[in-house]
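One structure is given here, and the rest of the page talks about it.
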Amino acid sequence: MTEPLLLTTAFLIGLLGSTHCIGMCGGIAASVGLNTQGGRYPAWLILLGYNLGRISSYTLAGALIGVAGALVATGTTGMILQIFAGILLIAMGLYVGSGGLALPDWKKWVGISGGIYNPMRPEFCL
């Protein structure tokens with residue numbers, strides 16, 4: 001049996017996700033629709049090609065991410081990543097809980113505070 005809270009959550013996610021489609025995909029779809037007038041191909045063929053390309057690219061991207069997730073989630077690699085994520089969570093908890101005093105200054109380790117790699121140094125700026 002489906003919980004009412006689950007249906008409400010699914011509805012809200014869909015409603016909020018539609019604003020993404022209006023903002024990002026709306027301009028592309030409108031420009032494709034405007035480009036169909038007076039062209040050498042009929043409008044339905046241009047729109048069919050656009051939608052087939054969009055659906056197939058999302059399908060391919062989802063399949064690739066799914067395969068990558070399945071490969072990472074199983075076996076030794078998944079176990080190593082889970083242990084690494086746990087260590088990071090513990091380290092972040094110690095850092096936040098102590099006001100930043102529990103861990104050494106990691107910025108010096110990676111060179112952000114003026115070390116070897118600093119993206120704000122003049123030689124890295126265009």
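Here are the numbers for the structure shown:
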item: Distance cut-off 14 Å, percentage of C-alpha pairs in the range 12-74 lying past it; result: 71
item: Nearest-0.05 FRET efficiency for ALA91 and THR8, computed from C-beta distance (R0 30 Å); result: 0.25
item: Calculated from backbone phi, Karplus (6.51, -1.76, 1.60) coupling profile of the range 7-12 in Hz, x at Gly/Pro; result: 5, 5, 5, 4, 5, 5
item: ALA30-LEU64 FRET efficiency (beta carbon distance; Förster radius 30 Å; 0.05 resolution); result: 0.55
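Rule-based calculations on the coordinates, nothing more; no lab input. Since we're looking at a predicted model, the values are computed, not measured. Neighbour counts are summed over all protein chains in view; Cβ atoms, including those assigned to glycine, are modelled from backbone coordinates with ideal geometry.
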